[in-house]
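The values are calculated or read from the model by the stated rules, or taken from the named source; none is laboratory data. No experiment lies behind these values; they were computed from the predicted model shown. Counting neighbours? That spans all protein chains shown, and the Cβs are built from the backbone with ideal geometry, glycine included.
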Amino acid sequence: MRKMTVFISALVVCCIILPLDISASPVVSLRSETAPHQCLDQICFEQNLEFKGQKFQLQGIAARSHLKFFKVYTGAFYLPEGSVVKTDDVPSGAKLMVLEYHRHIAKDKIIQSIAKNIEENPSVDGAQLSARFKQLSSAFSDPNKGSRFLFAFIPGNGTYLVEGDEIQTEIKGDDFAYAFFGIWFSKHTGNQQRRSQFLNI
């Protein structure tokens, strides 16, 4: 409990810290009118994306709602071309998630949601990861309706946050990637149906 208190405190403090000074450069296009795509809730995602030289293929699409009626975001999950999901836990190796929000959401609410999911995963040491989640939260802006974010893990590099076609931050560590993507794909996640939709299983 003390470890999680430290973790959540670090996340809350991050809200008043200025974004990291990172050289942002165009790296990927998150929207295309001509590329093959798949849609849910009138939000469309490309079938194929390329990031950091890695080619990804759309695995599945799912949405998150609050109280079943309040839509939060619709997301698309990608794995490297030719991947086969063989695990009941977070898929290993490179992976990519794109989220588009249906409405404005205050960043502190997202931080609270992240903290709750981490706390519920007994395979994750929240205190060990607190500084790196602080880094992610500092780089993350309040989503508005139509805001689109990309989160990608590239083995040997780290986990990237992309907003507006530009890298906002890069976070090192396989353990961070496991914890972050575990929000949706851990065997301990609270929504197994959404997990199955993202993995298309």
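Data overview
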| read-out | value |
| --- | --- |
| Near pairs, Cβ below 7 angstrom, 6+ apart or cross-chain, from segment 121-136 (among the acidic types (Asp, Glu)) to any residue that is in a helix (DSSP H, G or I) | Asp125/Lys3 |
| Close pairs (6 angstrom Cβ cut-off, 6 or more residues apart or separate chains): over 19 Å from Ile201 (Cα atoms) in segment 78-107, in a strand (DSSP E or B) and among the polar types (S, T, N, Q) anywhere | Glu100/Thr74 |
| When residues of segment 38-73 are limited to those that are of a type in the set (Phe, Trp, Tyr) and surrounded by fewer than 17 Cβ atoms within 10 Å (Cβ to Cβ), the one farthest from the chain's Cα centre (by Cα) | Phe69 |
| Qualifying residue in segment 74-89 (condition: in contact with a Ser or Thr (Cβ under 9 Å, 6 or more places away or on another chain), surrounded by 18 or more Cβ atoms within 10 Å (Cβ to Cβ) and β-branched (Val, Ile, Thr)) | no |
| Residues (at pLDDT 95 or above and acidic (Asp, Glu)) located in segment 77-117 | Glu100 |
| Any hit, segment 118-135, residues being modelled with pLDDT of 85 or more, in contact with a strand residue (DSSP E or B) (Cβ under 6 Å, 6 or more places away or on another chain) and of a type in the set (Gly, Ala, Ser) | no |
| One residue from Gly190, Gly156, Gly146 being under 21 Å from Gln54 (Cα atoms) and part of a loop (DSSP other than H, G, I, E, B) | Gly156 |
| Among (1) under 15 Å from the mean Cα position of the chain (by Cα); (2) crowded, with 18+ Cβ neighbours inside 10 Å - the single one Gly158 does not satisfy | (2) |
